[in-house]
Amino acid sequence: LRFSLSGAICASSVHLALTPIDVVKTKVQTNPSKYPGIISSFETVIKEEGLSTFFSGWIPTVVGNFLSGAILYALTEYI
């Protein structure tokens, strides 16, 4: 249980912190003419869509990584 909880907390918190970068990456990939670079894309998203856009889709990200972190980290420790 200790290893599962450690893996779950670590994996989900890291992916939650990286969600804004993933949102910008997806916008750059899907619309490169509007979002030409990383820094300018952050600025465009803030101006046009607001800060809340950076965390759109965070719930499935946290839940999925919480579960996978719990399972994979515990398996790594016991194998």
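Going by the conditions given, is I59 farther than 25 Å from R2 by Cα, open to solvent by 60 Å² or more (accessible area, probe 1.4 Å) and either among the aliphatic types (A, V, I, L, M) or touching a residue at least 60 places away in the same chain (Cβ under 8 Å) (or both)? Criteria not met by I59.
F3 passes every criterion in (1) within 19 Å of the chain's Cα centre (by Cα); (2) open to solvent by less than 60 Å² (accessible area, probe 1.4 Å); (3) modelled with pLDDT under 90 apart from (1). Looking for whichever is under 11 Å from the mean Cα position of the chain (by Cα) and hydroxyl-bearing (S, T, Y) here; the options are S33, S68, S13, S52. Which one fits? After applying the criteria, what remains is S13. Scan region 27-38 residue by residue and report those that are among the hydroxyl-bearing types (S, T, Y) and surrounded by 14 or more Cβ atoms within 10 Å (Cβ to Cβ). Y35 - this is the single residue of region 27-38 that is among the hydroxyl-bearing types (S, T, Y) and surrounded by 14 or more Cβ atoms within 10 Å (Cβ to Cβ). Restricting the first member to region 25-49 and to residues that are more than 21 Å from H15 (Cα to Cα), and the second to residues that are assigned to a helix (DSSP H, G or I) and among the hydrophobic types (A, V, I, L, M, F, W, C), the beta-carbon pairs closer than 7 Å and six or more apart or on different chains are Y35/V28. Residues in region 6-42 that are touching a helix residue (DSSP H, G or I) at 6+ places or on another chain (Cβ under 7 Å) and within 19 Å of V63 (Cβ to Cβ): S6, G7, A8, C10, A11, S12, H15, L16, T19, P20, V23.
The values are calculated or read from the model by the stated rules, or taken from the named source; none is laboratory data. Predicted, not measured: the structure shown is a model, and the values here were computed from it. In this analysis, Cβ positions are derived from the backbone assuming ideal geometry, glycine residues included, and neighbour counts consider all displayed protein chains. Calculation scope for accessible area: heavy atoms of the full protein, side chains included, ligands and nucleic acids excluded. Shrake-Rupley method; radii C 1.70, N 1.55, O 1.52, S 1.80 Å.
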